[in-house]
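Below is one structure, written out as structure tokens; comments come after it.
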Amino acid sequence: MEKTGNKETASLFIILVISHVIISGMAGFVQNSGTAAFINVLCSALLTLALVLFCSGAFAGRGITEVVCKCYGKRAGGIIIFLFFALTVLNASSRMGVFADVLKKYVLSETPKTLILAVMGLCVFSAAYFGIEAVTRYSLALFAGFAVIFAVILLCAYPETEYINLCPVFGKGNFLNVFSMLYVFSDFVYIYLISKNIRRSVKKVAITSVTVSALISTVAVLFYTLCVPYPVSGEFEYPIYRLASLSNSAVVFQRLDGLVYILWFFSAFISAGALGYFAVSLFAEMFGLADRRAITSAVIVLIFLLSGIDMAEAVNTLMSVFAFLFVPFTVVIFRRKVK
Amino acid sequence: MNNLFLYKSKEKAKEFDITPSQRAEEIPPMENVSSELTKNLEYAKKIFSIPKNGDVIIREFDINFSKKKVHAFIICVDGLVDSTSINDLVLRPLMRVSPEQGDIRETVVRTLLPQSQLSSDTDIYNALKGVNFGNAVLFIDTVDSAFIIDAKGWEHRSIANPENEAVIQGPHEGFNEMLRCNTALIRKTLNTPDLIMENILVGNTSKTPGAVAYIRNVTNESLVEEVKRRISSIDAEYVFSSLDVEQYIEEASFLPVPQMITTERPDRVCKALTEGRVAFILNGSSHVLIMPATFFDLITSAEDEYLRYPYSLLIRVLRYLAVFLALLFPGIFAALLNYHPELLLTNILLAVSSSRTFVPFGVFTELILMEVAFELIKEAGIRVPGPIGSTLGIVGGLIVGQAAVEANLVSPIMIIIVAVTGIASFTVPSYSLSFSFRFSRFLYIIGGALMGLYGVLSVFFINTLMAIGVKSFGVPFMSPLSPVGNVNKTELVFGAPIWKRGTERENYLHPKDMYKKAKISRKWRQTNGEDRK
């Protein structure tokens, strides 16, 4: 694992969460909780923060293999590591698949999905090849730009807001929905477990990244709820796109879709790229390979091939279970064993 | 009478084919200078293939020493030595003055030869090596060492304006092809005894002299060692240019981004040295390499330093806009027209569409044709001599462009796009970086034409990821933006007045001394230790 600074890691996490929440997850929140979607996001973020703080410092300085083998024994540990690898590959594939589906539906209707996936695969390959150090640096470099674009989209949508759309304040009133959307934060917990280097400064990074991503996501969902009345808001698969197309800037460009593309494409590339990198790293760790780059293309081809299968929901559920049940369980066992 | 019907075949011209030939016979080594002059003469003739080599001069003469005639000869290369110096300051005293007694070696060094740079060597091969670099070597009978006389006097270009980095305000001195002239330009500007110029020879056979320059108390030692290690490990017969050295020592040759700064400006080298970088100067090359390099070094012009802040700010903002246009404009145009016309304002879209009504090609073909034509004109304009070059530009750009539009082969809007892109690419200060942009632009056009903004942004992602991933002598190319350095981001991108800039050197270079200047560098603003408001 290469060296990554706190700011860079926090930026990566924020972009990972944002890409999940504001690109497609927002629709899920609105469908589940109605007008209280933003409260749902906030609660999910708080739960994640609590979990990460609970786990912080647990596996300090230890690699994933060491942790798992210590907790579950060598044989079971090996199987679990393989499952991690499989889950990471599936997660990256599902991200690519969802991205390609939405892109094909809204933007490139005439382009074959395979071609979209192939281009995305190239981006994921580059990210995995250059490593997490380059990806986190990229996230940091883009972060300010993302923030500006996000602010512009919200500002342009502001004239369309109507406060009456917030009612009923508690939406459908079912607070159990908080748990159904936890998957948007699952990447954070997952990477915490598998990345030794990131775990080193987890407390500081966790607080920063969960707070900022929660803030951005809550504001985005709140704006969407204010601009698009429920239940119409639940109909759109891609809410941020809808938010951008509400405004009519009429200066050279008629609509703000182009800005959304920047936000959307880059966050998708970064998140899928980071997952691709972790898949390659896990594979290298599983078989004790020193040269990670040699197997990058093979793993990315695997991710590309699996991305054609529609499995987003299953993967999201698996990720939630893994992140919010398996990780704390492992932490508890590990603490006991170390004692 | 000749038979008129007799066929006579034409005499066939002699055909020539290169036939394999053997390597020249090795000259048996002769380690030390012999006290017998004839042996030394014979060896020198063999080494320099005399009389085949017409430019190597061997002048035999006698020295009158203690009323005896001592045979001697001097060897030098015509055109490399200053013949007046050889005649007046070497041959004349040796032939005319007749010392009475003493040691001949001592007398020659102390009394007869008035040159400032004179040395003796007992290794004959080492002594003769310098003949190719403007030295004259003197051999005297009975003396078992050779006298190496520095008499360089070859023709060279004088110090002139740096052609590719011209500025309106600021110094107009540029490097030339003389190593010592270039090192002197740096030394006189920096004016510090801490400046080190370490000599280094490059090329196994050419042994081209070069110098690694750095400031002793500033530059990180490991960086200096790494530069020296890479240069000295070049295993090639001939190295003539610092640009060759750049290719030998760079980390990633297949990435389009340059990893070293190449400059013709001594002031730029001096500034880089004060920051803690290392420079490499090679004889015969007017380009000096500065390492490590980051994107922000390459995007900054030498003039940015000399202009007052408001002016340099304007120039910087314009340059960033130019970079955007040079790199992405044609690609985005192709993407918008092919895939996202709904994003454009209706009036603009109508204007563009109507201008393209009779054009038989698609946007991609039109763009590629125009870009290739523009690159051809640009390349041809550089290669042909001055006045014809500018005429070529006018003929190519204006007349052919106008004719193409009138023939409905290209649309006027495309001419505008390509012209704006071309002009924008000229504003990039680094020639290497502008090349990188020229190359990448085609990828963006292909991306835009294939998959719209998705294609353009994918290429941009991969391109920038490469730039972020690449390192120049251990320093990430996008430093100090990513990873974050100690430089203020606004100052990094938009600059700052000279007195307001950071007090420390860039930490990604890990200099020995971080202190660059005082926080309040305008002391005149202070009255009794307080800043006057």
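The values are calculated or read from the model by the stated rules, or taken from the named source; none is laboratory data. What you see is a predicted model; the values in this text were computed from it and never measured. No Cβ is skipped: glycine too gets one built from the backbone with ideal geometry, and neighbour counts run over all protein chains shown.
Whether a residue is modelled with pLDDT under 85 and either away from chain B (no Cβ under 14 Å) or within 29 Å of B:Val459 (Cβ to Cβ) (or both) was assessed, and A:Phe269 does not pass this test.
Inside region B:114-132, residues that are surrounded by fewer than 22 Cβ atoms within 10 Å (Cβ to Cβ) and either under 12 Å from B:Val56 (Cα atoms) or in contact with a Phe, Trp or Tyr (Cβ under 6 Å, 6 or more places away or on another chain) (or both) make up a count of 3.
Within the group B:Thr219, B:Thr263, B:Thr208, which residue is within 30 Å of B:Val459 (Cβ to Cβ) and crowded, with 17+ Cβ neighbours inside 10 Å? Step through it out loud before you land on a result.
Working: B:Thr219 fails: within 30 Å of B:Val459 (Cβ to Cβ); B:Thr208 fails: within 30 Å of B:Val459 (Cβ to Cβ).
Result: B:Thr263 is the single residue among B:Thr219, B:Thr263, B:Thr208 that is within 30 Å of B:Val459 (Cβ to Cβ) and crowded, with 17+ Cβ neighbours inside 10 Å.
Of all residues in region B:169-206, those satisfying the criterion of being without any contact (Cβ under 8 Å) to a residue 12 or more places away in the chain, over 18 Å from B:Lys228 (Cβ atoms) and not charged (D, E, K, R) are B:His172, B:Ala184, B:Asn191, B:Pro193. Can B:Val405 be described as touching an Asp or Glu at 6+ places or on another chain (Cβ under 8 Å), more than 14 Å from chain A (Cβ to nearest Cβ) and farther than 30 Å from B:Ile315 by Cα? No, not satisfied. So for region B:481-502 (the condition being charged (D, E, K, R) and part of a loop (DSSP other than H, G, I, E, B)), does at least one residue qualify? Yes: one or more hits.
Looking at this structure, is B:Gly276 on the phi > 0 side of the Ramachandran plot and crowded, with 19+ Cβ neighbours inside 10 Å? Against the criterion (on the phi > 0 side of the Ramachandran plot and crowded, with 19+ Cβ neighbours inside 10 Å), B:Gly276 qualifies. Scanning region B:471-503 for residues that are facing chain A (nearest Cβ under 9 Å), surrounded by fewer than 20 Cβ atoms within 10 Å (Cβ to Cβ) and of a type in the set (A, V, I, L, M, F, W, C) returns a single hit, B:Val484. The one condition from (1) over 17 Å from B:Asp267 (Cα atoms); (2) part of a strand (DSSP E or B) that B:Ile196 does not meet is (1).
Checked across region A:284-297, the condition of being at pLDDT 85 or above, over 19 Å from A:Phe82 (Cβ atoms) and touching a Gly at 6+ places or on another chain (Cβ under 9 Å) holds for no residue.
Looking only at residues in region A:84-109 that are within 13 Å of chain B (Cβ to nearest Cβ) and free of Cβ contacts under 8 Å to residues at least 60 places away in the same chain, the one that is nearest to the chain's Cα centre (by Cα) is A:Leu103. Inspect region A:117-137 for any residue being more than 9 Å from chain B (Cβ to nearest Cβ), over 26 Å from A:Ser11 (Cβ atoms), out of contact with any Lys or Arg (no Cβ under 6 Å at 6 or more places or on another chain) and not in a helix (DSSP H, G or I) and give the result as yes or no. Scanning region A:117-137 turns up no residue that is more than 9 Å from chain B (Cβ to nearest Cβ), over 26 Å from A:Ser11 (Cβ atoms), out of contact with any Lys or Arg (no Cβ under 6 Å at 6 or more places or on another chain) and not in a helix (DSSP H, G or I). Do we have any residue at all in region B:360-369 that's in contact with a helix residue (DSSP H, G or I) (Cβ under 9 Å, 6 or more places away or on another chain) and within 14 Å of another protein chain (Cβ to nearest Cβ)? The answer is no; no qualifying residue exists.
In a residue-by-residue description of region B:202-211, the property of being at pLDDT below 95 and in a helix (DSSP H, G or I) applies to no position. Here A:Ala157 does not qualify as closer than 21 Å to A:Ser213 by Cα, away from chain B (no Cβ under 14 Å) and either over 26 Å from the mean Cα position of the chain (by Cα) or modelled with pLDDT of 85 or more (or both).
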